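J.: Have a look at this one.
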Amino acid sequence: MSSLKSSIERLAALGEVERNPEARETFLKFRDELTQGKIRAAEKVDGRWVVNTWVKQGILLGFRLGELAEMPAGLSFVDKDTFPARQFSVADRVRVVPGGSSVRTGAYVASSVICMPPMFINVGAYVDEGTMVDSHALVGSCAQVGKRVHLSAAAQIGGVLEPVNAAPVIIEDDVLVGGNCGVYEGTLVRARAVLGAGTILTRSTPLYDLVRGEVYRASTESPLQVPEDAVVVPGSRAVNSRAAKKGIVTEWNLSLYTPVIVKYRDDKTDRGIELEDWLR
């Protein structure tokens, strides 16, 4: 692995690699390792998530090396030949329902994952066992999704490929992401959290914890983090909204969106979000 890492870092630093046969050979080996989940853009080490910058460099190298090519994968695609659509077989034990879904080569999709149409998993993403990617859901480049996660309809999991040293969006094990949720800009959602439908999480949006009386924010050193077992719903907070024009003061009575933790998971929550095993 260290040899592959050093080769990718060296090639990424070169000015021109587009017609370098060694670069393409190295990239194809790298892409296979990425697709099989042997390497990943971020991983948990001693309880904390660490970004593997060289893996992101390898993905970007693939875009530099790629040339447009027709890809006969059921539908008509024209894309970089270094990242064709993945072809699954029964041996992969990944259930991809017909209807316009696409997974790029270079994305790891574990056995027992369910993909409901239409959905998209981008290069560098890591989707672990037992997870369901529902209709119209997106898993962005380098996003890390844990075991038994449910990404509900129209959920958007941002990736963060660049800058290469930035942490991607991370969804830990047993998280439920509700319909029309958006998780962006390196947000870390800890295990067993529940995001209610329509919740949006970004670096610039504070998360208010009504249970513990805390306010969670991203910093220059760390992303926004959702605590384990937190149940988050869309909320709002009042802002000072007065405008003065020609001596007349107008009260606008405005509020800003903010996500709010209203409780932590209990037996009632678990019953409400339980998925039947046979669906998987």
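The values are calculated or read from the model by the stated rules, or taken from the named source; none is laboratory data. Source: prediction; values computed, not measured. Using ideal geometry, Cβ is built from the backbone for each residue, glycine included, and neighbour counts are taken over all protein chains shown.
J.: For region 89-135, name all the residues that are surrounded by fewer than 18 Cβ atoms within 10 Å (Cβ to Cβ), among the small types (Gly, Ala, Ser) and out of contact with any strand residue (DSSP E or B) (no Cβ under 9 Å at 6 or more places or on another chain).
T.: SER89, ALA91, GLY99, SER111
J.: Could you say which residue among VAL133, VAL94 is under 25 Å from ILE39 (Cβ atoms), under 16 Å from the mean Cα position of the chain (by Cα) and of a type outside the set (Asp, Glu)?
T.: Details: VAL94 fails: under 16 Å from the mean Cα position of the chain (by Cα).
Among VAL133, VAL94, only VAL133 is under 25 Å from ILE39 (Cβ atoms), under 16 Å from the mean Cα position of the chain (by Cα) and of a type outside the set (Asp, Glu).
J.: Restricting to region 142-178, name every residue that is surrounded by fewer than 24 Cβ atoms within 10 Å (Cβ to Cβ), in contact with a helix residue (DSSP H, G or I) (Cβ under 8 Å, 6 or more places away or on another chain) and assigned to a loop (DSSP other than H, G, I, E, B).
T.: LEU161, GLU162, VAL164, ASN165 - these are the residues of region 142-178 that are surrounded by fewer than 24 Cβ atoms within 10 Å (Cβ to Cβ), in contact with a helix residue (DSSP H, G or I) (Cβ under 8 Å, 6 or more places away or on another chain) and assigned to a loop (DSSP other than H, G, I, E, B).
J.: So which strands (runs of 3 or more DSSP E) stay within region 184-268 end to end and still have 3 or more residues that are not basic (Lys, Arg)? Steps first, please.
T.: Working: elements: 207-209, 214-216, 230-238, 242-245, 248-251, 255-264.
Hits in region 184-268: 207-209, 214-216, 230-238, 248-251, 255-264.
J.: Using beta carbons and a limit of 7 Å, which pairs, at least six apart or on different chains, have the first residue in region 44-60 and touching a residue at least 60 places away in the same chain (Cβ under 8 Å) and farther than 15 Å from ILE8 by Cα and the second one buried (at least 19 other Cβ atoms within 10 Å of the Cβ) and not hydrophobic (A, V, I, L, M, F, W, C)?
T.: If the second residue must be buried (at least 19 other Cβ atoms within 10 Å of the Cβ) and not hydrophobic (A, V, I, L, M, F, W, C), no pairs are left.
J.: Could you give me the residue pairs with C-beta distances under 6 Å whose first residue belongs to region 171-200 and is within 11 Å of VAL231 (Cα to Cα), whose second residue is at pLDDT below 95 wherever it lies, and which are 6+ apart or on separate chains?
T.: Filtered contacts from region 171-200: LEU176/ILE273; ARG192/ARG265.
J.: Among the residues of region 6-43 satisfying the criterion of being modelled with pLDDT of 95 or more, assigned to a loop (DSSP other than H, G, I, E, B) and of a type in the set (A, V, I, L, M), which is surrounded by the fewest Cβ atoms within 10 Å (Cβ to Cβ)?
T.: Here the answer is ILE39.
J.: Is there any pair with a first residue in region 96-116 that is modelled with pLDDT under 90 and a second that is outside any loop (DSSP other than H, G, I, E, B) and crowded, with 21+ Cβ neighbours inside 10 Å whose Cβ atoms are under 7 Å apart and which are 6 or more apart or on different chains, and what are they?
T.: VAL96/CYS115; VAL97/CYS115; SER101/CYS115
J.: For MET71, all conditions in the list (1) out of contact with any strand residue (DSSP E or B) (no Cβ under 8 Å at 6 or more places or on another chain); (2) surrounded by fewer than 18 Cβ atoms within 10 Å (Cβ to Cβ) hold save one; what is the number of the exception?
T.: In the conditions (1) out of contact with any strand residue (DSSP E or B) (no Cβ under 8 Å at 6 or more places or on another chain); (2) surrounded by fewer than 18 Cβ atoms within 10 Å (Cβ to Cβ), MET71 misses (1) alone.
J.: While we're looking at this one, here's another question. Scan region 17-70 residue by residue and report those that are at positive phi and more than 16 Å from the chain's Cα centre (by Cα).
T.: Of the residues in region 17-70, the ones at positive phi are 37, 46-47.
Of everything in region 17-70, those that are at positive phi and more than 16 Å from the chain's Cα centre (by Cα) turn out to be ASP46, GLY47.
J.: Here is a follow-up. Kindly indicate whether any position in region 49-56 is part of a helix (DSSP H, G or I) and farther than 23 Å from VAL113 by Cβ.
T.: Here is the first cut: in region 49-56, the residues part of a helix (DSSP H, G or I) are 53-56.
Add one more test, that the residue is farther than 23 Å from VAL113 by Cβ, and what stays is 53-54.
Yes: one or more hits.
J.: Consider GLY213 carefully, then state whether it is surrounded by fewer than 18 Cβ atoms within 10 Å (Cβ to Cβ), out of contact with any helix residue (DSSP H, G or I) (no Cβ under 8 Å at 6 or more places or on another chain), under 26 Å from VAL123 (Cα atoms) and not hydroxyl-bearing (Ser, Thr, Tyr). Break it down stepwise before answering.
T.: Numbers: surrounded by fewer than 18 Cβ atoms within 10 Å (Cβ to Cβ): yes; out of contact with any helix residue (DSSP H, G or I) (no Cβ under 8 Å at 6 or more places or on another chain): yes; under 26 Å from VAL123 (Cα atoms): no; not hydroxyl-bearing (Ser, Thr, Tyr): yes.
Judged against the criteria, GLY213 is not a match.
J.: Any idea how many residues of region 73-131 are assigned to a loop (DSSP other than H, G, I, E, B), among the charged types (D, E, K, R) and farther than 19 Å from ALA143 by Cβ?
T.: Taking region 73-131 first, the residues assigned to a loop (DSSP other than H, G, I, E, B) are 74, 81-84, 86-89, 93-94, 97-101, 105-107, 110-113, 116-119, 122-125, 128-131.
If we keep only those that are among the charged types (D, E, K, R) as well, we get 81, 86, 93, 128-129.
Checking the rest, the ones that are also farther than 19 Å from ALA143 by Cβ come to 81, 93.
Of the residues in that region, 2 qualify.
J.: Which of the residues spanning region 136-173 are among the polar types (S, T, N, Q) and more than 8 Å from the chain's Cα centre (by Cα)? Walk me through it before giving the result.
T.: Applying the first criterion (among the polar types (S, T, N, Q)) to region 136-173 yields 141, 144, 152, 156, 165.
Listed by number, the residues that qualify are SER152, ASN165.
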